[in-house]
Each structure stands twice: as C-alpha cells, then as structure tokens.
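Computed from the coordinates by the stated procedures, all read-outs in this text should not be read as laboratory data. Only a predicted model underlies this, so the values are computations on that prediction, with no experimental measurement involved. All Cβ positions, even for glycine, are placed from backbone atoms using ideal geometry, and neighbour counts span all protein chains on display.
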Amino acid sequence: MEEQKEQKVEARTGGAFRFIWDFFISLKLTVTLLIILAGVSIIGTVVDQTDPAKNMEMLVAIFGPGRAGGVLDLMIKTGLTNMYHSYWFVGLLSTLSLNIAVCTVDRFPRVWYMVTRAQEPLTDDMLRTLGNKRDIKAKASPADLKEKVKSAIKSSGFSPKEREEGGVVHVFAESGKFSRLGVYITHVSVLIIFAGAIVGSFWGYKGYVQIIEGASVDKIGLLNKPLLVNVGPEMPIDFKVRCDKFVLKLYEGSQMTSDYLSTLTVVDKGQDVMTKTIRVNDPLEYKSIRFYQSSYGVMPEMAAMVIRAYAKSGKGTLDVHDYNMKRGQVVHLEGSPYDMMISEMAADVAMGPDKKLVPQSDQFKGSGAALMNFTDKTGKPVDQAMIFNMNPDSQPQVVPYRFEIMNYRGPYYTGLQVTYDPGVWVVWLGCALMVLGILVAFFTYHKRIWVRITEGDKGQSVITVAGAANKNRHVFEREFRQLAEKIEGK
C-alpha cells in the first residue's frame, strides 16, 4: 500500500511538472508575450516616463480638465508612468526569459547530439534520404581512387576522414557543424540582455538636477526609482558635482541657441578628482554614474523680469519706463500714485486648454507672462492683470499704463540628466553575443559529404558521392556539383 501511494504521488508530481514544462515550451506563450511587450512598449513611448506635466497636458486634451487628474493618478498607480521600472514589466521580461530558457533546454540536447556525434559511413538507407547524390565510374581500384577523392574534398575546404570495410572505401567530411548552435547563442544573448535590463530596473535609476555656476550638489531628483532600493524622491550620491562654468552660445544676430556646455568638477572626500567640460551627448562619468548635458535656463528663484511701461496717453518717449523686477518685489510706478508687484511669472508660456497658460521652459523666447498686482499708497489693491506678450490686449484697466515683457534674466542653471544603470555592461555583453549568434546562424551552415568507392566489373570502380546541408541548400547544390566534377576529373 505504501509503495502504491508513493507511485501515485510521483505520478501527480510528474504530471504537474509536465504541465508546467509544456506551458513554458509553448510557441503560443512566446508569441503572446511578444505581442504584450510590443503593446506596452508603444504605451511607454506615448506616455512620458519622466515628466508628469507632459502627461497631464495630453490627458487634459483627451479627457478634459475634470477627468485628467483621475486618469493620471490611475496611470501612476499602475506604473504606466514609470513602466520600465515597474514590477509587472519586470515580470513580463522574466516570464519571457523563462519561456526562452525552457525552450532552449528542451531542444538543445538533440542539436548537441547532431554537433558532437561522429559522422558515419554512407549506407544504402542513408543514400535514399539524401537529395544530393551522384554515381561516377572510373577505371581504377578503390585504393587508387581514394587519394584522388580525398584531394578533391580537401580542395573544397573539408578535412576528409576515411574508413575501409569489406573492400569498400569510405571517405566522409563535414564543416560548419557548430552553425547549428547559432540560434542558441542568440537565445542566450537575449537572456543576458533581459538580465541586464532587470538588473537596471532593480538597482538603476534616472534623475535630473539643476546647478548654477559655483554651486554643487550631492543629491539627485529621481525621475525613475530603483525597485529594490528604499529611497525617497531624491537619491544621495557619495560625492559632489560642482558647476565651475556654464557657457551659452547663440547664433550671430539671433536668440537661437547654437550650443551650450558646462564645466563640471567631481569632488570626492573633499578633493577635486576630475574636471570635464560636457555638452549634449558627451557626458561626464564617475563611479558608473553619468551626467548628461540636458537643458539650461534661468534659475526661477533668482530670476528678474524686465517690464516696460508705456503711458496710455502716449505723450512721448519720456512716458516709457523699464523696471527690473523680481517676484514679490514692490516697485513704484513712476508718473502714477500706484505701486506694482509681480506675484507670479514665467519665462516661456503657451496657451493651453480652457485658455490657461502652461509653462514651457525657463528660457525667455519672447513669450513670457507675469501676473501683476497694483496697489495705492495705503497698500489697497486697485488693479490686477496678466501681462502676456502673445496677447497685448491683456492689460490693467485702472492703471494708466500698458506693459510689455522685455526680458527674463538671472543666473543660468545647467540642467543635467543623471543615469545609473549597473546592468548596462550586461546588456552590451548580450548585444555582442547576439551579433556573434546572428553571424553564426545566418552566414554559416552545416555541410556533410559522403563518398563510397566500391569495386565494379571489368576493373572499374563506382564512386558514389552524396551530400547534405541543413540550410542554404541552393548554394550547397552548386558546391556539391563542383565537388562531384572535381572527383570525376572534369
């Protein structure tokens, strides 16, 4: 009874294992996972993975301002705004990796047998299954023809082997047998690439930091958080990065940027350890952390806006005044009993949904905006206006001046994108291995040649030549024909 129970347990265990094994070697599973990954990758391209403001703009345009916030919250909770560092995306990659690994293990033994087994002499049963074959008659003994056959095979790039059985001479050769492993090299490379991506998701991060000249930072504002590192919105680093100089170059006679670059110094344990001037696509790297030149702008907290006031009466140039104003600074409006203050300002704005102004950047491009408040001598509010260069009619009603934004200036910051990906070298290793696998799989193939020399009638011998290739058969047919002609002496 105990033995029967053990047998039933083993049967159930084997059945469950077989079910799981068959599930993971299924081609349907592979296709389904690839379709899902392709779909979510498209979503990851449409949904911005770094800037929530851009996603909000898109959702407002689609769902309206009332529903956009709820949809964005749902996207954040499901990981769509940080997709490549989400558990479900890593789960998809892991499942596909397991699927590829199981398929490889399931099919590899048969291929390995084909690669390692010794080539057998040609038999009549084998001959019937081969498509490339030819009989050649020659007036010589099998022993005399053997060297001629071997020489022809060598000249075709093979290393022939020979065997004699019962007066029959067998010569056989093969090349490119390891080409059968090309697809498995590619499989392994894909697994290595996936492993690198998973390592990057677990421990890597992407962030952004702004530094003004002379300042330094030792924390990174995170855009993508690592899955297995408990960290807040900022990632501390064990060294400092100082901006020694920021240079902005403009095209001559234009406000368009031609180039911008930053001179950065790494300070580790109080010592300057390296300095590099970086520009777009030429980062600074230290301790596997890369700092890319990403953006620039005027530091909002230290910015001042140049406001020009024109008298509505338009009596002359003496009624035009320029004011250099910071946010919250009270300035007296000359030629009037009023004071004015900028409560909010932005260097570059655009008209968004419902005619709301949407900040675009910290660079002044002529499209700035300022919310100005006007008070009398007692501090009592008398007027308010949103000064918006793209809408010159937006002006105060009581104050006898109209206003225009002339400039937005202050100390520039350099915006640096920061990346740390400990799996990147694993990915590069996988890519190199994939190139090797593709070269082996597509540009080499397994070719086999068999020659059997038997003694015929009247001093003649029959040379039976046969061959096979696992792919590129039309190319092999030409090579086989050329080899047969060499053996025949044509």
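Quick look at the numbers
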read-out: Strands (runs of 3 or more DSSP E) wholly inside the stretch 330-392 containing at least 3 residues that are within 25 Å of Y412 (Cβ to Cβ); value: 339-346, 348-351, 357-361, 369-375
read-out: Inter-residue pairs, beta-carbon under 8 Å, first over 15 Å from K380 (Cβ atoms) and in the stretch 329-342, second among the small types (G, A, S) and assigned to a loop (DSSP other than H, G, I, E, B), 6+ apart; value: I342/G328
read-out: Flag if V440 is in contact (Cβ under 8 Å) with a residue 12 or more places away in the chain and either more than 25 Å from G157 (Cβ to Cβ) or part of a strand (DSSP E or B) (or both); value: no
read-out: Residue selected from the stretch 266-291 under the condition closer than 15 Å to G415 by Cα and polar (S, T, N, Q), by the criterion surrounded by the fewest Cβ atoms within 10 Å (Cβ to Cβ); value: N281
read-out: So V306, is it surrounded by fewer than 18 Cβ atoms within 10 Å (Cβ to Cβ), part of a strand (DSSP E or B), more than 33 Å from the chain's Cα centre (by Cα) and of a type in the set (V, I, T); value: yes
read-out: Residue match in the stretch 386-404 (condition: touching a Gly at 6+ places or on another chain (Cβ under 7 Å) and not hydroxyl-bearing (S, T, Y)); value: yes
read-out: Any hit, the stretch 84-101, residues being β-branched (V, I, T), part of a helix (DSSP H, G or I) and over 24 Å from K206 (Cβ atoms); value: yes
read-out: Subset of the stretch 125-168 [in a loop (DSSP other than H, G, I, E, B), free of Cβ contacts under 8 Å to residues at least 24 places away in the same chain and either charged (D, E, K, R) or exposed (fewer than 12 other Cβ atoms within 10 Å of the Cβ) (or both)]; value: S159, G166
read-out: Which listed residue, of Q417, Q460, Q397, is within 30 Å of K206 (Cα to Cα) and surrounded by fewer than 19 Cβ atoms within 10 Å (Cβ to Cβ); value: Q417
